[in-house]
Amino acid sequence: MLSNLLPHASPETAYRQKFLNNQDENLFMGSFESFAAAEAGAPPSKAVGYDHAAAANLYSPQIYFYDYPGLFWLGRSIDAGLTRIFDLGGHIGIKYYAFRRVLTYPDSLRWTVCDVPSVIENGRAVAEQREVTAQLAFTTDYREASGCDVLYASGSLQYLTVRIDEILSSLAVKPRRIVLNTTAVHPERTIYTLNSIGVAVCPYRIEHHDGLLQTLTRSGYRKRDVWRNEGKLIEVPFVDGGDLPYYAGCCFDLA
């Protein structure tokens, strides 16, 4: 009887509490006018972004079912002699380690990971322990992608303040190929929201899908392949159209 007399929390309030207490789910909350507004709207009780020690240990070098489209095109690229890989947002090199179990890496392979300082500090230490520093390098500057063969971004564009066209326009020599995988997209518009990664909250851009592909075309690339990463779910509750986002990828070559 007492529980019937007490006021119940609204669904939005209950979800917000779940979001704040999240440990291991991929949760989203809110809609904002811009990436900067989303960052400003992050709850003060949580760390923001990936640039701290706890985030540097979040992921392990596994191959998940949604990795296979990107893995396919990276394998095709390496077989074709495109061996200078720039891994944008590649954490500590988790895909370098994961994919080498199923791909044959030639001696000429040079894989560079670009990420935030706390993450790449851990990445360098792991690379030294595993004795792979001859192939695996790290940077915090995406402009070092200039002259690479393949710009690879798996699940990272949505966390970046800069868009892919801004990155490409900053490069003296554009990559010969772009492979995007598990990129958060929406069929109708771009949404800015917040993503809980457990140890922190991150501003997050869910890109208009067709707009993203058009951006690559305007940047001088032609489409080779597009796909949808089925089974990896994304939803922004209590937001108009928040049930429509999905993860997708593509392969584009310099025209």
>> Checking the a/c ratio against 1.5 first, then a/b against b/c, what shape does the Cα gyration tensor give for segment 105-255?
In response: oblate
> When Lys and Arg each count +1 and Asp and Glu each count -1, what net charge do the other residues less than 12 Å away from residue 189, Cβ to Cβ, add up to?
Replying inline: -3
>> Could you report segment 51-200's accessible area per residue, 1.4 Å probe, as an integer in Å²?
In response: 42 Å²
> GNM, the chain, Cα, under 10 Å: largest mean-square fluctuation among 60, 45, 34?
Replying inline: 45
> Carbon and sulfur: what percent of the chain's accessible surface (1.4 Å probe)?
Replying inline: 50 percent
> Percent antiparallel among DSSP beta bridges with both residues in the chain, to the nearest 5?
Replying inline: 55 percent
> Gaussian network model of the chain, Cα springs within a sub-10 Å range: biggest mean-square fluctuation belongs to which of 129, 23, 62?
Replying inline: 129
>> Could you tell me the relative contact order of the chain? Use alpha-carbon pairs under 8 Å, at least six residues apart, and round to a whole percent.
In response: 25 percent
> So, by mean Cβ neighbours within 10 angstrom, what's the order for 164-171, 66-73 with the highest one leading?
Replying inline: 66-73, 164-171
> Each residue of segment 223-231 in turn: what ³J(HN,Hα) in whole Hz from Karplus with 6.51, -1.76, 1.60 and θ = phi - 60°, glycine and Pro shown as x?
Replying inline: 6, 9, 7, 9, 7, 10, 7, 5, x
> In terms of Cα to Cα distance under 23 Å, which lysines are near enough to residue 174, apart from those fewer than 8 places away along the same chain?
Replying inline: 95, 223
>> For a Förster distance of 35 Å, can you work out the FRET efficiency between the beta-carbons of residue 110 and residue 233, rounded to the nearest 0.05?
In response: 0.50
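The values are calculated or read from the model by the stated rules, or taken from the named source; none is laboratory data. Quick caveat, the model's predicted, so the values are computed rather than measured. Here the Cβ is made from the backbone with ideal geometry for all residues, glycine too, and neighbour counts use every protein chain on show. Surface areas here come from the heavy atoms of the whole protein model, side chains and all, with no ligands, DNA or RNA. Shrake-Rupley method; radii C 1.70, N 1.55, O 1.52, S 1.80 Å.
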